[in-house]
Amino acid sequence: MLLRCALPADIPHIAALERSPIASEFVGHWSEERHQATLASSDARYLVADAPGGGLRAFAILRGLQETSGSIELKRIVIATPGQGLGRHILQELLDIAFQRLGAHRLFLDVFEDNPRALHVYRSLGFVHEGTMREAARRGSAFASLHLMSLLDREYAARPR
Ligand SMILES: CC(C)(COP(=O)(O)OP(=O)(O)OC[C@H]1O[C@@H](n2cnc3c(N)ncnc32)[C@H](O)[C@@H]1OP(=O)(O)O)[C@@H](O)C(=O)NCCC(=O)NCCS
């Protein structure tokens, strides 16, 4: 298991990863204060993977743990060095945590429509495209559209491992 629960001391590394050139185009940037408040909430779970030399190689945020619908959101995921297979591995661990440990009925996320690497990984893990939230986000001076994707517990259970 690469992931562990985050501690308040991880937040500066998480905020820095969000702002890294590789991620900043595709994920939102919260203040450290907002992260600390969300980390402290029983509705969210922060998960991190340590880098061998210190710092973090990845983080993810699950949200909606208190929802009676069982719909948990993968609010954010960032891999420090993409394209080396770590994201797929960590997402697999996140699915196990969401469905086996947290009892999710549905795990959902949104992803910019021009993020082909993320879309490829989500699709290959079984996430289904539910629809497109047209121009739902602002990037600089432009609006951008987001695909809404989800995986249900029975789809998770039926996936080949
Ligand atoms: C999206 C992200 C989490 C994926 O993690 P990763 O470690 O890069 O992913 P992996 O290396 O495990 O897998 C990448 C896959 O995408 C494929 N891929 C890479 N570039 C691609 C492209 N332009 N189009 C389609 N597929 C692509 C790779 O071939 C690989 O597929 P495979 O395993 O079937 O061969 C990571 O890239 C990341 O943090 N990106 C920046 C932040 C971000 O986009 N977060 C998600 C917001 S919704």
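The values are calculated or read from the model by the stated rules, or taken from the named source; none is laboratory data. All values derive from a computational prediction rather than experimental measurement. Quick reminder, even Gly has a Cβ in these numbers, built from the backbone with ideal geometry, and neighbours come from all protein chains shown. For the accessible areas, the whole protein counts, side chains as well, though only heavy atoms, and no ligand, DNA or RNA atoms are used. Shrake-Rupley method; radii C 1.70, N 1.55, O 1.52, S 1.80 Å.
Quick look at the numbers
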item: Pairs, first more than 11 Å from the ligand (Cβ to nearest atom) in segment 56-70, second open to solvent by 70 Å² or more (accessible area, probe 1.4 Å), C-beta under 9 Å, six or more apart; result: L56/H13; L56/D50; L65/S42; Q66/S42; S69/H105; G70/H105
item: Some residue of segment 153-161 being open to solvent by 70 Å² or more (accessible area, probe 1.4 Å), touching a residue at least 24 places away in the same chain (Cβ under 8 Å) and hydrophobic (A, V, I, L, M, F, W, C); result: yes
item: Residue in segment 126-136 that is open to solvent by 30 Å² or more (accessible area, probe 1.4 Å), part of a loop (DSSP other than H, G, I, E, B) and more than 17 Å from P160 (Cα to Cα) present; result: no
item: Output for segment 13-35, where each listed residue is among the acidic types (D, E), within 12 Å of the ligand (Cβ to nearest atom) and more than 12 Å from F59 (Cβ to Cβ); result: E25
item: Near pairs, Cβ below 6 angstrom, 6+ apart or cross-chain, from segment 115-139 (on the phi < 0 side of the Ramachandran plot) to any residue that is open to solvent by less than 60 Å² (accessible area, probe 1.4 Å) and not in a strand (DSSP E or B); result: N115/F26; V121/G87; L125/L91
item: Unmet criterion (only one of (1) within 18 Å of L94 (Cβ to Cβ); (2) among the β-branched types (V, I, T); (3) within 14 Å of the ligand (Cβ to nearest atom)) for T38; result: (3)
